[in-house]
1. Tell me, what is the FRET efficiency for Glu8 and Ile84 to the nearest 0.05, using R0 = 60 angstrom and their Cβ-Cβ distance as r?
2. Over the range 1-136, what number does the Rg to Rh ratio reach, with both radii from the alpha-carbon atoms and Rh per Kirkwood?
3. Per residue Cα convex hull volume for the range 129-185, in cubic angstrom?
4. Which FRET efficiency value, to the nearest 0.05, do you get for Glu295 and Val146 by plugging their Cβ-Cβ distance into 1/(1 + (r/R0)^6) with R0 = 25 Å?
5. Given R₀ = 41 Å, what would the calculated FRET efficiency be for Glu393 paired with Asn97, taking r from the Cβ atoms and rounding to 0.05?
6. Taking a threshold of 19 Å on the Cα-Cα distance, which of the pairs Lys161/Lys392; Lys24/Lys52; Lys69/Lys89; Lys20/Lys48; Lys70/Lys96 fall above it?
7. Counting other Cβ atoms within 10 Å, which chymotrypsin sites (Phe, Trp or Tyr not before Pro) in the range 260-332 have at most 16 and lie in a DSSP loop?
8. With +1 on each Lys and Arg Cβ and -1 on each Asp and Glu Cβ, and nothing else charged, work out how big the dipole of the range 117-172 is about its Cα centre, in Debye to the nearest 20.
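FYI, it's all coordinate maths here, none of it is from the lab. Since the model is a prediction, treat every value here as computed from it, not as a measurement. Glycine also receives a Cβ, built like all others from the backbone with ideal geometry; neighbour counts cover every protein chain displayed.
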Amino acid sequence: MSDFIPQEIILQILYRLPVKTLVKFTLVCKSWQSLITTSCFINTHLAKTLSKPITSQPLLIRRFTDSPKKEQYFLHLSHESLDIFQTLKSPLKSRKNLYARIVGTVHGLICLSDDIFGYTYRIVLWNPSVRRSIELPRPNITFHEVGLYNFALGFGFDAKKNDYKVVRLAYVQSEDDGFHLLPPKVEVFSVAEKGWRMVSGKGLECCCVEATWTQCFLNGRVHWIAYENKMGSLKNWVLLFDMEDEKFRKMKLPESLVDINPMMLFISMSRGMLTVFEYYGDSENRLCNIWVRAEYGDVKSWSKMYSIDNGVLGGGGRVYRLTEHGEVFLAKSEDDGGWRSYAEFQIMFEVRRGELLLYDPKSRQTKVVQPQGVLDAFFVADYTESLVFLNKESGATSYDGAEIEEKRESVNPESGEGTSNLVLKEDRSIISQNDARQEEEDDTSPAFNELVFEKVMNYSYQMMKFLDLD
């Protein structure tokens, strides 16, 4: 039939088809497979997808339960109907059967890092839509090379070079006084270059808080909450890293956030705007202010949109993002919220539980989106389905994924179970390199336990520096 339809018409039709359909079309014939897997087609299809309203894109949600220990990824297919979703299988199996850090998601790629519970160096870029992933090589800065250090990651896109990059800031701890040395050691991984390289951090005097850091990618730049220590006085900033020129910059926060405990600030992107969540109060009365920057280039455009009170958050709840309709994704804690001691800090990742809710600040009504899970493991973000990594030049490989048949499921908040089961079809024709490596490594080895201990000690030292600021 293609002999009677102009090639340009066929292309325009294909550009508008969903990723799942296009992946199937690669099996139709060699010519279509060659066409759909070209960088030109992938980029044009992505541009068409990005031009659609955010509300037409899926939502990515992650949940982790501690009894039994299980990490689950969900792709909710519509902002309007959260009861319909797909279940995804991650290519990265976390150490200790816990959960990975989700650094961020850009153009359908999800950046995962297995660093929360120890000094590990496993970072994966994953596109669940095409079931392909890349595991990054070992970075240059490691515990064995420099000793104790804190670090932060950023993930973004270099539009000038059409390249996806991961930036890593390592703050080496001084052996003399325990403080972190500045500037940090900075390295960048480029998908196009397939390797890490060191870049300059000269003049950078900002430090990220590893125990609680978050990042977001907006306008070609990665953003973190960071602080400067000037003669014992802390000053908070938004630290930026431009993915094109690979230079650092600073952005001002609202005046009321400049000199507070930086561990109480989290950065995100909601509705296409830079968003900061400010927590305050104690474990019995925890509140959260939601700040947005309506105009990216105007420092005066910061405004406080909502204040979420203790009745909604519980003792230690978390806020994750705003929706296009002004609703808020949050988790209400069922546990005591604060951690004020070293012992509490050591187990904070597993003791704070709650449900993921969609909260309407106007009506104060809530809806359960995901049943009970570990509060700090929940993740919510807009997700753009794409064909990125389908081309051979990317170096991405298929993994032991799962094909999910969509089912409508309504959550029973009491039982935590759905009223219908999702049908899971696993393709075990390809052995996951990550799973194979996991079998070879012994997490109970003395060396690994020592690294975990050292990292928890480093975390706790950093935490104690800020406890007196509340």
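1. Numbers: r = 35 Å, r/R0 = 0.58.
Once rounded, the FRET efficiency stands at 0.95.
2. Working: Rg = 17.9 Å, Rh = 17.1 Å.
Reported Rg/Rh (Cα atoms, Kirkwood Rh): 1.05.
3. Details: hull volume 6.5 nm³, N = 57.
Value for the range 129-185: 114 Å³ per residue.
4. In this case the efficiency is close to 0.05.
5. Numbers: r = 35 Å, r/R0 = 0.85.
With a Förster radius of 41 Å, E is 0.75.
6. The answer is Lys24/Lys52.
7. Values: sites: Phe266, Phe277, Tyr279, Tyr280, Trp291, Tyr296, Trp302, Tyr306, Tyr320, Phe329; in loops: Tyr296.
Counting only loop positions with at most 16 other Cβ atoms within 10 Å, the chymotrypsin sites (Phe, Trp or Tyr not before Pro) in the range 260-332 are Tyr296.
8. On the way: 8 positive and 4 negative charges, 42 e Å.
My answer is approximately 200 debye.
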